[in-house]
Amino acid sequence: MYAEAIKAGGYAVVTGAASGVGRVAALRFAKVGLGVILADLSSDKLEEAVEEVRTVSADGVEVIGKPTDVTKDADLEALADLAFSTGPVAVLMNNAGIGGLPTTPWSGLDNWHRLLDVNFHGVLRGLQAFVPRMIEANRAAVVINTGSKQGITTPPGNPAYNISKAAVRILSEQLAHELRKADAPISAHLFVPGFTYTGMVARSIPEKPDSAWTSEQTVDYFIERMAKGDFYILCPDNDVDETRDQRRVEWSARDVIENRPALSRWHPEFAKAFAAFERS
C-alpha cells in the first residue's frame, strides 16, 4: 500500500519527529514528494527539523511543524484537524516514545504512568484521532507504529518500557486485522528498530558503538520492507542480523509452548541451551 499512498500524494504526519528515526523518516517522506507535518514537543530541535526537511522537499510542497504532546488528547485531535484541513493523509507514523525511566514490578509507579502514557497511549491517541478519518477518506494510506524488540522478547531490566512496547505490538496487530476487516485501503506496519544510535541513546553513550546502526540505515531498511508489504519489520544492526532476531523471538515463544521458567533466556539453567540454540 505504501507505493499506492506515495503515488496518490498527500501528507505524512510523524510524531516524535524532532530527532532520531522520526526526523529521518520525515526527510525520506519529503524526498518522495509528500508534504510533511512534523509533530513533537515544542523546541528548537523541532524548528531545526522542519527547516532541514524543507531543504529536501519539492517546490510547493508544504512542510509544517506542529508542537504536540502525545499524552494530551486535545493535542492529537488538534494535530489531526491541522492535517486533514491541509490535505489528505497518506502516512501516519506514531513514533513518539521515551525511555530511561527505571521501574520494577513493585516500584517506580510514576515512571510506569509516564512510560505507558507516552509509549502506548500516545500511539492509541494517534490512531483514535486519525484512523476514522483515514477510513472515511477511502484513499491509499499507511499507518506506522514504532515498537521495540523489548516489546517482543521482553528482557529483564525495565518492565514498564517492555510492557508499553508490547502493548504497541498487540495494538498494531489488532489495527491491521480491523483495517483488513473494514476493507480499508490502508495498511498497518510495526516498525521495530534494532540498536540504533539516536539522541536518546547518545545521552548515555556519547560515541556511536560499532554495533549500532544509524537512524538513516534503520529508516531506509524499514521503508524498503514496508514497500514490500511487510507488517512485522524487525530491523537488524551491526551485531544482530535477521536470523539472530528470529532465533530470539522463537526462543521466547517456546517459553510458553514448553512451559519453561519465565524469561528462560536469562535463566542460569538455560544459558548454555540458549547460546547453542542462537548459534544453530
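To keep it simple, each residue is scored yes or no on (1) more than 21 Å from residue 138 (Cα to Cα); (2) buried (at least 24 other Cβ atoms within 10 Å of the Cβ).
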site: 8; (1), (2): no, no
site: 14; (1), (2): no, yes
site: 26; (1), (2): yes, yes
site: 38; (1), (2): yes, yes
site: 49; (1), (2): yes, yes
site: 54; (1), (2): yes, no
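Condition check ((1) under 12 Å from the mean Cα position of the chain (by Cα); (2) under 26 Å from residue 45 (Cβ atoms); (3) assigned to a loop (DSSP other than H, G, I, E, B); (4) outside the structural domain of residue 131 (by TED's automatic domain parsing)) across all residues:
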| site | (1), (2), (3), (4) |
| --- | --- |
| 165 | yes, yes, no, no |
| 179 | no, no, no, no |
| 207 | no, yes, yes, no |
| 216 | no, yes, no, no |
| 220 | no, yes, no, no |
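Name the residue, out of 216, 207, that is free of Cβ contacts under 8 Å to residues at least 12 places away in the same chain and under 30 Å from residue 49 (Cβ atoms).
207
Table: residues versus (1) assigned by TED's automatic domain parsing to the domain that holds residue 159; (2) in a helix (DSSP H, G or I); (3) surrounded by 15 or more Cβ atoms within 10 Å (Cβ to Cβ); (4) within 22 Å of the chain's Cα centre (by Cα).
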{"site": "245", "(1), (2), (3), (4)": "no, yes, yes, yes"}
{"site": "251", "(1), (2), (3), (4)": "no, yes, yes, no"}
{"site": "256", "(1), (2), (3), (4)": "no, yes, no, no"}
{"site": "260", "(1), (2), (3), (4)": "no, no, yes, no"}
{"site": "269", "(1), (2), (3), (4)": "no, yes, no, no"}
{"site": "277", "(1), (2), (3), (4)": "no, yes, yes, no"}
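Across the range 121-139, what is the number of residues that are of a type outside the set (Lys, Arg), surrounded by fewer than 22 Cβ atoms within 10 Å (Cβ to Cβ) and out of contact with any Leu (no Cβ under 7 Å at 6 or more places or on another chain)?
7
Please indicate, with yes or no, whether at least one residue in the range 153-161 is aliphatic (A, V, I, L, M), assigned to a helix (DSSP H, G or I) and modelled with pLDDT of 95 or more.
Quick first cut of the range 153-161, residues aliphatic (A, V, I, L, M) only: 160.
Checking the rest, the ones that are also assigned to a helix (DSSP H, G or I) come to 160.
In the following step, the residues that additionally are modelled with pLDDT of 95 or more were identified as 160.
Yes - at least one qualifying residue is present in the range 153-161.
What are the pairs, 6+ residues apart or on separate chains, where a residue within the range 55-72 that is assigned by TED's automatic domain parsing to the domain that holds residue 6 has its Cβ under 6 Å from a residue that is crowded, with 17+ Cβ neighbours inside 10 Å and hydroxyl-bearing (Ser, Thr, Tyr)?
63/57; 70/15
From the residues in the range 103-136 that are more than 21 Å from the chain's Cα centre (by Cα) and free of Cβ contacts under 8 Å to residues at least 24 places away in the same chain, which one is farthest from residue 167 (Cα to Cα)?
136
Do we have residue 100 as more than 23 Å from residue 26 (Cα to Cα), free of Cβ contacts under 8 Å to residues at least 40 places away in the same chain and assigned by TED's automatic domain parsing to the domain that holds residue 17 here?
no
Right, residue 185: in the same structural domain as residue 119 (by TED's automatic domain parsing) and out of contact with any helix residue (DSSP H, G or I) (no Cβ under 9 Å at 6 or more places or on another chain) or not? First the steps, then the outcome.
Values: in the same structural domain as residue 119 (by TED's automatic domain parsing): yes; out of contact with any helix residue (DSSP H, G or I) (no Cβ under 9 Å at 6 or more places or on another chain): no.
No.
Could you tell me which residue of the range 222-243 is nearest to residue 196 (Cα to Cα), considering only residues that are in contact with a strand residue (DSSP E or B) (Cβ under 8 Å, 6 or more places away or on another chain) and part of a helix (DSSP H, G or I)? Talk me through it step by step, then tell me what you get.
Within the range 222-243, the subset in contact with a strand residue (DSSP E or B) (Cβ under 8 Å, 6 or more places away or on another chain) is 222, 225-226, 229-238, 242.
Restricting the remaining residues to those that are part of a helix (DSSP H, G or I) gives 222, 225-226, 242.
Working: 222: 13, 225: 17, 226: 18, 242: 15 Å.
If we take residues in the range 222-243 being in contact with a strand residue (DSSP E or B) (Cβ under 8 Å, 6 or more places away or on another chain) and part of a helix (DSSP H, G or I), then 222 is nearest to residue 196 (Cα to Cα).
Any idea which of 7, 45 is assigned by TED's automatic domain parsing to the domain that holds residue 160, modelled with pLDDT under 95, over 15 Å from the mean Cα position of the chain (by Cα) and in a helix (DSSP H, G or I)?
Residue meeting the stated conditions: 7.
Kindly establish whether residue 90 is in the same structural domain as residue 131 (by TED's automatic domain parsing) and under 24 Å from residue 199 (Cβ atoms).
Considered against the rule, which asks whether it is in the same structural domain as residue 131 (by TED's automatic domain parsing) and under 24 Å from residue 199 (Cβ atoms), residue 90 comes out as no.
Could you list, in sequence order, the residues of the range 29-79 that are in contact with a helix residue (DSSP H, G or I) (Cβ under 6 Å, 6 or more places away or on another chain) and among the basic types (Lys, Arg)?
Listed by number, the residues that qualify are 31, 66.
The values are calculated or read from the model by the stated rules, or taken from the named source; none is laboratory data. Computed from a predicted model, the values in this text were never measured in an experiment. For neighbour counting, all protein chains shown are included, and Cβ atoms are generated from backbone atoms with ideal geometry for every residue, glycine included.
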